[in-house]
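What follows is a short report on a single structure.
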Amino acid sequence: MYLPPLLLESLQHAKGYDPDAFVFVHEQPASITSVRINPAKPIALPFSSLKVPWSDTGFYLEQRPSFTFDPLFHAGAYYVQEASSMFLEQALKQTMDLSKDIRVLDLCAAPGGKSTHLQSLISAKSLLVSNEVIRSRVNILEDNLVKWGGDNVMVTNNDPRDLSRLPRFFDVIVIDAPCSGSGLFRREPEAIREWSEHNVALCSQRQQRIVSDIWTSLKPGGVLIYSTCSYSVQEDEDNHDWILNTLDADPQPLKLAADWGITDTGKGYRFWPDKLKGEGFYLAVFRKKNEESVKMPRVKRKPVVMAEKDLPVLNKWMKTAGYTFIQHENTVYAWPADLVYDMSLVLQELRTTYSGVMAGELIHGKLVPAHSLAMSKIISPGVEKIELDREMAIRYLQRKDLVIETGQTGWKLASFEGHSLGWMNVLKNRINNYYPGPLRIRKEL
Ligand code: SAM
């Protein structure tokens, strides 16, 4: 691997930089695979797995299995995520009381690694707004969050500057910033060709712009978590200094165990791949200085709430207690009842593409259930699950015809090891496979 000499030169003064070890580790193939399991969909890990030290749900795998052909991957039982990034968990746990109900913004969220992690860490009555500015990347974010199955999540598609419409709204803002990407060179050697000093400078400026754009939407006393997958000081420590010099922020130190191998630079935390099992990563936490309390705005455009008398149509499909059902044209969304104010405000102010759990479409007075309902915890335990073996589960996920013994006709959940994969409709002489076409496995086993 030919590392850009200008990058190596620029790292001479970066804390923890060991030139020989750094170059050596980049000559090794990137062989670390790690996953983070979904605490809402517990599985026994089939692999002899070592813990990622800074995350309760992160594990290293000895080998990289074929995730495509593992039904549990499609069930949202785990997320394949680079281990260093899981340090977000420490940033959140060490600076916030997570037993409290909070509002979290994941500003640069696609494809959803940090968002699925955040969703697992916050309380049931906390809200996660998962935002991605690039429209073409919103679908993958939505798909991953639907698979994860949480109900306290909204997906938005806004430019960071739009967030100023929600002043002092969020307790936590995560900026996993778009960056020059040198931390992932081992995994994406093609990115080396695109690296340039000029691009580092552009990224650094853009990162500053993003931070200043969202600063008003952070509550006084709230926490900003800033991270990059770049080694460049300009995007990391220099931006740390810029934040402290420009904004009303205090640095938040984190406790590290010595054997984690993470470098405390005094200006944030660095992950050097020659010192730990993970790729290049940088993270720093800031707290917004306290000021007078904030008055929350009124919701002027209230969403349409389904009338009590119409709820029986939902009863056989899902738990309705604790939820408010929002109707947008024929589509029904389930929102946690405690989050109606927050979610209405976000819906009013941001370009929202998904919220709560999309339950289904009302057609001629009946509900046609949505895939997201099948993946969520709000599904009624009364809905029948049909357990598939691995081969049949893969056929289901490939959207092929299914040949299985079933009992009565009707909508059923296709299930693998107890985890729902999606819907099928059992007719008298055939089974209709309702796994969403865009998600289907296109490869053959
Ligand atoms: N947090 C994600 C995760 O853990 O899966 C990865 C985020 S990636 C490092 C950075 C994201 O920022 C990309 O999804 C990219 O589309 C988005 N982005 C690009 N330009 C941006 C901008 N000007 N403002 C905000 N986000 C931007």
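Confirm whether Ser204 is in a loop (DSSP other than H, G, I, E, B), open to solvent by less than 30 Å² (accessible area, probe 1.4 Å) and away from the ligand (no atom under 12 Å from the Cβ). Spelling it out, it is not the case that Ser204 is in a loop (DSSP other than H, G, I, E, B), open to solvent by less than 30 Å² (accessible area, probe 1.4 Å) and away from the ligand (no atom under 12 Å from the Cβ).
Pull up segment 57-73, narrow it to residues that are out of contact with any Phe, Trp or Tyr (no Cβ under 6 Å at 6 or more places or on another chain) and of a type in the set (A, V, I, L, M, F, W, C), then point me to the one that is surrounded by the fewest Cβ atoms within 10 Å (Cβ to Cβ). Filtering segment 57-73 for residues that are out of contact with any Phe, Trp or Tyr (no Cβ under 6 Å at 6 or more places or on another chain) and of a type in the set (A, V, I, L, M, F, W, C), the one surrounded by the fewest Cβ atoms within 10 Å (Cβ to Cβ) comes out as Phe69.
The rows are residues; the columns are (1) closer than 28 Å to Leu350 by Cβ; (2) open to solvent by less than 20 Å² (accessible area, probe 1.4 Å); (3) among the acidic types (Asp, Glu).
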| site | (1), (2), (3) |
| --- | --- |
| Lys15 | no, no, no |
| Phe22 | no, yes, no |
| Thr33 | no, yes, no |
| Val52 | no, yes, no |
| Ser55 | no, yes, no |
| Ala75 | no, yes, no |
| Met86 | yes, yes, no |
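When Glu82 is tested against (1) surrounded by fewer than 19 Cβ atoms within 10 Å (Cβ to Cβ); (2) in a loop (DSSP other than H, G, I, E, B); (3) in contact (Cβ under 8 Å) with a residue 24 or more places away in the chain, just one condition goes unmet, and that condition is (1).
The single condition from (1) among the hydrophobic types (A, V, I, L, M, F, W, C); (2) under 24 Å from Lys147 (Cα atoms); (3) open to solvent by less than 50 Å² (accessible area, probe 1.4 Å) that Ala44 fails is (3). Here Leu50 does not qualify as hydrophobic (A, V, I, L, M, F, W, C) and closer than 23 Å to Val211 by Cβ. Among the conditions (1) more than 20 Å from Tyr354 (Cα to Cα); (2) open to solvent by 20 Å² or more (accessible area, probe 1.4 Å); (3) within 10 Å of the ligand (Cβ to nearest atom), the only one that Lys100 does not satisfy is (3).
In segment 103-130, the qualifying residues are those that are part of a loop (DSSP other than H, G, I, E, B) and open to solvent by less than 10 Å² (accessible area, probe 1.4 Å), and the one that is farthest from the ligand (Cβ to nearest atom) is Ser126.
Taking the conditions (1) surrounded by fewer than 23 Cβ atoms within 10 Å (Cβ to Cβ); (2) within 28 Å of Val153 (Cα to Cα); (3) within 14 Å of the ligand (Cβ to nearest atom) in turn, Ala191 satisfies each one other than (2). Per this entry, Ala321 is counted among residues that are among the hydrophobic types (A, V, I, L, M, F, W, C) and free of Cβ contacts under 8 Å to residues at least 12 places away in the same chain. Residues in segment 169-187 that are in a loop (DSSP other than H, G, I, E, B) and either free of Cβ contacts under 8 Å to residues at least 60 places away in the same chain or within 12 Å of the ligand (Cβ to nearest atom) (or both) were compared, and the one that is farthest from His371 (Cα to Cα) is Ser180. Whether any residue in segment 386-399 is more than 19 Å from Lys316 (Cβ to Cβ), open to solvent by 60 Å² or more (accessible area, probe 1.4 Å) and in a strand (DSSP E or B) is what I want to check. Taking every residue of segment 386-399 in turn, at least one turns out to be more than 19 Å from Lys316 (Cβ to Cβ), open to solvent by 60 Å² or more (accessible area, probe 1.4 Å) and in a strand (DSSP E or B).
Per the conditions (1) assigned to a loop (DSSP other than H, G, I, E, B); (2) more than 16 Å from the ligand (Cβ to nearest atom); (3) at pLDDT 95 or above; (4) of a type in the set (S, T, N, Q), the sole criterion not satisfied by Ser55 is (2). Among the residues of segment 397-413, write down those that are within 29 Å of the chain's Cα centre (by Cα) and in contact (Cβ under 8 Å) with a residue 40 or more places away in the chain. Correct list: Leu397, Gln398, Arg399.
Of all residues in segment 140-168, those that are in a helix (DSSP H, G or I), within 13 Å of the ligand (Cβ to nearest atom) and without any contact (Cβ under 8 Å) to a residue 60 or more places away in the chain total 4. Which residues, counting only those in segment 325-345, are assigned to a helix (DSSP H, G or I) and buried (at least 22 other Cβ atoms within 10 Å of the Cβ)? Within segment 325-345, Leu339, Asp342, Met343 qualify. Only one of the listed residues (Ala83, Ala75) is in contact with a His (Cβ under 7 Å, 6 or more places away or on another chain), away from the ligand (no atom under 12 Å from the Cβ) and among the hydrophobic types (A, V, I, L, M, F, W, C). That residue is Ala75.
Each row is one residue, and each column tells you yes or no for (1) aromatic (Phe, Trp, Tyr); (2) in contact with a strand residue (DSSP E or B) (Cβ under 6 Å, 6 or more places away or on another chain); (3) within 16 Å of the ligand (Cβ to nearest atom); (4) modelled with pLDDT of 95 or more.
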{"residue": "Arg209", "(1), (2), (3), (4)": "no, no, yes, yes"}
{"residue": "Ser227", "(1), (2), (3), (4)": "no, yes, yes, yes"}
{"residue": "Glu235", "(1), (2), (3), (4)": "no, yes, yes, yes"}
{"residue": "Asn245", "(1), (2), (3), (4)": "no, no, no, yes"}
{"residue": "Asp259", "(1), (2), (3), (4)": "no, no, no, yes"}
{"residue": "Asp274", "(1), (2), (3), (4)": "no, no, no, yes"}
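The values are calculated or read from the model by the stated rules, or taken from the named source; none is laboratory data. This is a predicted model, so every value here is computed, not measured. Quick reminder, even Gly has a Cβ in these numbers, built from the backbone with ideal geometry, and neighbours come from all protein chains shown. To get the accessible areas, we keep the full protein, side chains included, count just its heavy atoms, and leave off ligands, DNA and RNA. Shrake-Rupley method; radii C 1.70, N 1.55, O 1.52, S 1.80 Å.
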